[in-house]
Amino acid sequence: MYKILITGGAGFIGSHTCLTLLENNYEVVVIDSFENATITAIKRVIEIAKTKIPEAEKNLKIYNGDIRDSGILENIFNDALQSKNPIISVIHFAGLKAVSESTLRPLDYWDVNVSGTLKLLKVMEEHKCTQIVFSSSASIYGSSSINLIDETSEIKPVNPYANTKATIERILKDLYLSNSTKWKIANLRYFNPIGAHCSGLIGEDPRGKANNIFPYITQVAIGRKEKLSIFGSDWPTKDGTGVRDYIHVMDLAEGHLAAMKYLNENKPEVIDLNLGTGIGTSVLNLIDTFEVANKCKIPYIFTGRRPGDVASLVASNSLALNKLKWEPKRSLLEMCKDGFYWQKLNPNGYLKD
């Protein structure tokens, strides 16, 4: 049974990816600081996974720690060696991810995201673990003017968060070039994950201020917030609101599994892949679809643009479809239904630990 390390495994995307791996008979090791996540998410992952894989709980090990701590990373890899089942791959989610916050706290973003990744890669190299799937971001493309953004589009980040993602990709490419016979690297540039697992047991539960629009919509829908603020009505788009490529978080999780399988089965390389649907949806379109899916109304107001935002980010996903034999299966309507089902079952997010 392959053993996989997932950094930031208790987070929104991390928890859904843990579930996907467990349900596909992988042994999973999670490291998370739990500063922006909760152990409850992992407990619920186990609860869901056991309905398909009864032994799922014994296939998951959790470490509470920061990826900037080389000591705990050493412990994780050494523990795996002692169990006679070494870690063969890493899926790297851990990091700070709020665009607007990054403009106010750039040093924290460079420290956690870049320094943390360097610590992780050094320990991986020491333990001859040379396969990594990196959680990158479509934000590294900046404000591209083309309709669909492919992997050859200009890398032009416009905020500190995106700068750190682009820098990590550069580090990974340099690492591959330093030993191109060993390193297998996939940079997954994904767009806007929303929704939740269909059980309603795991979903997006922002600690403090949410990083994207969807949690605000669901919180307005259940009455936690009075109305939604839309950041800008004068973008150069069809209806003046920002256009994004929304992808169901379970499709995204399955994309990570597909990327890891691709690396396992092919020769060493570094590959950049967009994970998105290829469909652009404006904020107003998203609100309309949510209202139809959940038979509710979302009151909203327009406010000023946020620093670091761009008008449109929509993926060309043909490379991922061809390389990974993966495709997003769930519609925007399903994203809205599943995301709201999670929120209705968990009106205040996860229970306190």
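Okay, here's what the table says:
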| quantity | calculated |
| --- | --- |
| Paramagnetic reach from Thr181 in region 254-288 [backbone N under 16 Å; point 7 Å along Cα→Cβ] | 267-269 |
| Stokes-Einstein D in µm²/s, Kirkwood radius over Cα pairs - region 240-313 at 4 °C with 1.567 mPa s viscosity | 84 |
| Sites excluded, GluC sites (Glu not before Pro) in DSSP loops with at most 12 other C-beta within 10 Å, longest stretch of the chain | 227-353 |
| Protection-proxy order for peptides 338-345, 173-180, each taking the mean of Cβ atoms within 10 Å per residue, highest first | 338-345, 173-180 |
| Ile149 long-range amide H proximity, modeled H, under 5 Å | Val314, Ala315, Ser316 |
| Candidates Cys18, Cys296, Cys198: whichever shows maximal mean-square fluctuation once the chain is modelled as a Gaussian network with Cα springs under 10 Å | Cys296 |
| Surrounding net charge for Ser102, when Lys and Arg each add one and Asp and Glu each subtract one, Cβ distance under 14 Å | +1 |
| Neighbourhood net charge (13 Å Cβ-Cβ; Lys/Arg +1, Asp/Glu -1) for Ile202 | -3 |
| Cα→Cβ-extended label distance, 7 Å offset, between Ser83 and Lys156, nm | 4.6 |
| Highest-fluctuation residue, Asn322, Asn25, Asn159 considered, GNM on the chain with Cα pairs under 10 Å | Asn322 |
| Dmax and Rg, reported as Rg then Dmax, of region 7-155 (C-alpha, Å) | 16.7, 52 |
| Axial C-alpha extent at least 15 Å, average Kyte-Doolittle at least -0.5 - helices from the chain (DSSP) | 12-23, 39-50, 70-82, 116-126, 160-178, 249-265, 283-294, 332-345 |
| Of Lys156/Lys227; Lys3/Lys323; Lys165/Lys267; Lys3/Lys267; Lys209/Lys295, pairs whose Cα-Cα distance is over 29 Å | Lys156/Lys227 |
| The chain - share of DSSP beta bridges that are antiparallel (%, nearest 5) | 5 |
| Glu269-Asn25 pseudo-label distance in nm [points 7 Å out on the Cα-to-Cβ vector] | 2.7 |
| Total formal charge among the other residues, if their Cβ is under 15 angstrom from that of Gly232, Lys/Arg +1 and Asp/Glu -1 | +1 |
| Rough spin-label spacing in nm, given labels placed 7 Å along Cα→Cβ, for Lys52 and Asn75 | 3.1 |
| Calculated Cα Rg over 2.2 N^0.38 Å (choose from [x] 1.01; [y] 1.22; [z] 0.95), label | [z] |
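Every number in this text was worked out from the coordinates using simple rules, so none of it is lab data. From a predicted model like this one, the values you see are computed outputs, not experimental measurements. Using ideal geometry, Cβ is built from the backbone for each residue, glycine included, and neighbour counts are taken over all protein chains shown.
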